[in-house]
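Please read the structure below before turning to the comments.
Rule-based calculations on the coordinates, nothing more; no lab input. For clarity, every value in this text was computed on a predicted model and none was experimentally measured. Cβ placement follows ideal geometry from the backbone for every residue including glycine, while neighbour counts extend to all protein chains displayed.
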Amino acid sequence: MGAELIKNIGAGTIERIEGTGRLFLFFCSGVATIFTIPVQYRKILEHIWFIGARSMGVIVLTGAFTGMVLGLQGYYTLIKFGSEGMLGSAVALTLIRELGPVLTAIMVTARAGSAIAAEIGVMRISEQIDALETMDIDPVRFVFSPRLAAAVISFPLLTALFDVIGVFGGYITGSLMLGINPGIYFYRVSDSVVMADVTGGFVKSLVFGAVVITICCYRGFYTHLQTRGGFGAKGVSFSTTTAVVNSCVLILIFDYIITFILL
């Protein structure tokens, strides 16, 4: 019984170490082949449209209601201290430093990341990736590199959109609904936000973009190794679910690490 337990722990540990190494090599290979001639400009633009442009609707909706909730909660918190005039600072800094990059990454993971993992997983189980290898086409360059480049471009732009919409959402709640002077609200926004805050948010969005796309593409690419999900449709569903969960957890982990470094 004890020997079997130790054996299972050892096997699980080795499997995770192998998976971590495989993920690292997968990422390095994808980065290295982004700029391989000829550069895949058309595929990168296609993925920018899918990851970025098609995510704008959910980002605008999420950003608006996040800003409105922050404005509502912030107002009733600050009014207890007679500081309701600082609402603009509270909303802007919360969005730009933390909620903007994090919620943007999570929403894009839910909308685009899951689709990417499922698409590549289907390519794996239908042997399309094996066919690429047979034709001497690098499958990592074909399925991963353009998506990685598109994510690095799209995530900061979506984060900026989220921040702007969220600030106006706070304005709707704080000024139009609760009566805070609009001039004071926007003065506090412009006075409190410095370039370091914006830069920190963009750094987070770049890291989140790389993490999300790497995890989602990796899980789909190695669907055939997801033994717990089985092979075929169950394997794809397991890979997709795992990709989304892992991406969301890593977003929060990297958010803490980057915040700790930048502060």
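Of the candidates VAL203, VAL167, VAL211, the single residue that is in contact with a helix residue (DSSP H, G or I) (Cβ under 8 Å, 6 or more places away or on another chain) and within 13 Å of GLY67 (Cβ to Cβ) is VAL167. Scanning segment 81-92 for any residue that is outside any helix (DSSP H, G or I), over 30 Å from PRO139 (Cβ atoms) and among the hydrophobic types (A, V, I, L, M, F, W, C) turns up nothing.
Yes/no matrix, rows are residues, columns are (1) out of contact with any Pro (no Cβ under 9 Å at 6 or more places or on another chain); (2) within 14 Å of ILE51 (Cβ to Cβ):
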residue	(1), (2)
LEU132	no, no
PHE142	yes, no
LEU158	yes, yes
GLY170	yes, no
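Residues of segment 61-83 include none that is more than 26 Å from the chain's Cα centre (by Cα), more than 30 Å from ARG188 (Cβ to Cβ) and not charged (D, E, K, R).
Filtered by the rule that a residue be assigned to a loop (DSSP other than H, G, I, E, B) and closer than 12 Å to ALA149 by Cα, segment 26-55 gives THR33, ILE34, PHE35, VAL39, GLN40, GLY52. Please verify whether THR259 is of a type outside the set (Gly, Ala, Ser) and either crowded, with 18+ Cβ neighbours inside 10 Å or on the phi > 0 side of the Ramachandran plot (or both), treating the condition exactly as stated. Answer is no for this residue.
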